[in-house]
Amino acid sequence: MNQLSQIEALLFVVGEEGIELEEIAFTLERSTAEIYQSLTSLREKYETDATSAFTVLEVGNHFVLTTKKHFAPLLKEFARSPLANRLSQAALETLSIIAYKQPITRGEIDELRGVQSSGAVQTLVSRQLIEEKGRVEGPGRAILYGTTTYFMDYFGLKDLTELPDVQQMETDLSDDEETLDLFYDRFKEKDES
């Protein structure tokens, strides 16, 4: 593994939150000057490669992997596409966790889901269903996420106390002897024919 690909992997994994120069240097056990030079090289590589859609932005003291500006019209058009309006299972899981546990960091979401959630978080932020609610005090100052007023309007909620009671849902599910597999009836019909 070369250093540029390691930095690229870190930038990809941290998503829109970005990563501080010092964090990269610590992780790769290199000096901040060496890492800054590598980040500059990576940015130049992206900018000179016409076949790459990516670039590296320096935002405050964070570095973020993002798309080049000239892709903005394409991405806006995609966001308006009716096919892009459905939320993935990962985004729905992430939204549920945020709704019930807010304010919550992406790291805490990842821990609850057991997988990395930066893509789902980015989708939910871009759809204005969640937003930054503050930052954790301490090292890294991770972003705290919570639901938006648009989320409340979209789901017809006056406040968060109107969210379904999770414990009641679990009780109802355990009392229900019927299968909860959404595809059960479809497969049952095929087997009978």
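The simple spin-label model puts a point 7 Å past each Cα toward its Cβ; for Ser52 and Arg135 those points are separated by 2.8 nm. Residues whose amide H comes within less than 5 Å of that of Lys68, counting only those at least five positions distant or on another chain, are Phe54, Thr55 (H built at 1.01 Å from N in the peptide plane). Put simply, the amide H of Thr105, placed in the peptide plane, has neighbours under 5 Å in Tyr145, leaving out anything fewer than 5 places away on its chain.
With both labels modelled 7 Å from their Cα along Cα-to-Cβ, the Gln89 to Val59 distance reads 3.0 nm. Among residues other than Leu112 with Cβ under 12 Å from its Cβ, the summed charge is -1 (Lys and Arg +1, Asp and Glu -1).
Taking the Cα centre as origin and putting +1 on Lys and Arg beta-carbons and -1 on Asp and Glu beta-carbons, what dipole magnitude results for the range 55-154, to the nearest 20 debye? Walk me through the intermediate numbers first.
Working: 12 positive and 10 negative charges, 61 e Å.
It comes to approximately 300 debye.
Classify the range 1-159 as rounded, prolate or oblate, taking a ≥ b ≥ c as the square roots of the eigenvalues of its Cα gyration tensor: rounded when a/c is under 1.5, otherwise prolate if a/b is larger than b/c and oblate if not. Spell out each step's value before the answer.
Working: a/c = 2.42, a/b = 1.45, b/c = 1.67.
Verdict is oblate for the range 1-159.
A Förster distance of 35 Å, applied to the separation of the beta-carbon atoms of Met152 and Phe26, puts the FRET efficiency at 0.30.
Bear in mind these aren't lab numbers, they're just calculated from the coordinates by the rules spelled out. All values derive from a computational prediction rather than experimental measurement. Every residue, glycine among them, receives a Cβ derived from its backbone with ideal geometry; neighbour counts consider all protein chains shown.
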